[in-house]
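To start, the structure itself, in structure tokens.
The values are calculated or read from the model by the stated rules, or taken from the named source; none is laboratory data. Quick caveat: nothing in here was measured; it's all calculated off a predicted structure. Virtual Cβ from ideal backbone geometry, glycine too; neighbours counted across all protein chains shown.
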Amino acid sequence: MISSFETDKLPQGYYKNVGTVLQRRDSSGEGQSLLLFLRDMGPIWVSAPASKTKCRFGGAIEPLVWAEFDLYQSPARLYLQGAEVKEDFISLRCSAEKLKSALKLYKRLSKTLMVRHESNNILTLLWSSMLLIKENCPVDIIEYRFTWKLLKESGLAPSLQYCVNCGSKLDSGARWTNDGLICASCSGTNKNDLDAEELRSLRFAALLNHDKFIEWSGSQERSSLYTDELNKLVTFFTDMD
Ligand SMILES: [Zn+2]
């Protein structure tokens with residue numbers, strides 16, 4: 001869980017990093033506290049002091065915006081000094097569905113990541129997921145993909161290819177257990193939660209590269225498969241507490 005207590009400070013000086021605003025908290029009169037998620041730094045709380053000149057940082061301190069942030073670590077705290085917007089993802093704000101989906105990804109990260117823990121792979125995952133939303137890929141499949149990959153980064157993702165019990169290939173179908181997916185011979189029944197076709201779709205959703213995913217997901221028919229499976233996936237996060 002991300003806490004607002006920073007244990008050790010950065011060495012005093014100036015920093016410049018690309019990233020995004022995960023969370024924003026208004027602290028009355030003093031400006032705002034921002035949880036930035038930055039390349040090479042991971043998530044980090046910074047102070048964005050209030051200023052007489054309103055909108056000192058423009059739109060750069062809105063959640064979902066990506067920018068290059070100029071920071072200064074004083075002996076007391078880490079300040080935001082300036083920001084140059086790289087991508088505002090403004091088009092997402094015109095669609096309630098896309099906006100909701102993007103905010104879900106941000107919320108998931110706020111719950112999952114550790115402050116001051118470099119997480120460049122996850123920052124890249126967030127960036128590519130935002131681009132997929134912008135590209136009009138189906139949001140349920142993007143959320144599934146993002147969540148599986150996020151679990152994968154933590155070593156917690158259930159395998160979509162091998163039985164968690166015996167290690168054999170999950171070809172014909174699979175059944176859910178608390179530990180992951182198991183094959184028909186381990187479950188001792190022919191009743192599967194996922195058939196071969198569904199397993200194949202889940203693998204594509206999770207494992208295709210960015211461009212192939214855009215192509216493939218555009219041809220997918222609406223189904224509850226991805227939201228159902230997402231609900232299974234999120235239970236694997238509880239082990240991290
Ligand atoms: Zn098995």
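What number of residues within segment 183-238 satisfy the criterion of being of a type in the set (K, R) and within 16 Å of the ligand (Cβ to nearest atom)? Show your work before the answer.
Our first condition is that a residue be of a type in the set (K, R); within segment 183-238, this holds for 191, 200, 203, 212, 222, 232.
Pick out the ones that are also within 16 Å of the ligand (Cβ to nearest atom) and you get 191.
Residues that pass the stated criteria total 1.
For segment 170-182, which residues satisfy the criterion of being surrounded by 15 or more Cβ atoms within 10 Å (Cβ to Cβ), more than 10 Å from the ligand (Cβ to nearest atom) and touching a residue at least 24 places away in the same chain (Cβ under 8 Å)?
G173, W176
Which of (1) over 22 Å from the mean Cα position of the chain (by Cα); (2) at positive phi is the odd one out, the single condition N136 does not satisfy?
Of the numbered conditions (1) over 22 Å from the mean Cα position of the chain (by Cα); (2) at positive phi, the odd one out for N136 is (1).
Taking the stated definitions as given, is F89 surrounded by 21 or more Cβ atoms within 10 Å (Cβ to Cβ) and touching a residue at least 40 places away in the same chain (Cβ under 8 Å)? Give the steps one after another, and end with the answer.
Working: surrounded by 21 or more Cβ atoms within 10 Å (Cβ to Cβ): no; touching a residue at least 40 places away in the same chain (Cβ under 8 Å): yes.
No; evaluated as a whole, the condition is false for this residue.
For segment 184-230, how many residues meet the condition of being under 18 Å from the mean Cα position of the chain (by Cα) and surrounded by fewer than 11 Cβ atoms within 10 Å (Cβ to Cβ)?
1
Please go through segment 150-169 and give me each residue that is within 13 Å of the ligand (Cβ to nearest atom) and surrounded by fewer than 19 Cβ atoms within 10 Å (Cβ to Cβ), ordered by number.
S159, Q161, Y162, V164, N165, C166, G167, S168, K169
Any residue in segment 183-198 that is assigned by TED's automatic domain parsing to the domain that holds P158 and in contact (Cβ under 8 Å) with a residue 40 or more places away in the chain sitting within a Cβ distance under 9 Å of a residue that is charged (D, E, K, R) and in a loop (DSSP other than H, G, I, E, B)? List the pairs, counting only those 6 or more apart or interchain.
none
Being at pLDDT below 95, within 17 Å of the chain's Cα centre (by Cα) and crowded, with 19+ Cβ neighbours inside 10 Å narrows it down to one residue among S129, S119; which is it? Give the steps one after another, and end with the answer.
Numbers: S129 fails: at pLDDT below 95.
Being at pLDDT below 95, within 17 Å of the chain's Cα centre (by Cα) and crowded, with 19+ Cβ neighbours inside 10 Å holds for just one of S129, S119, which is S119.
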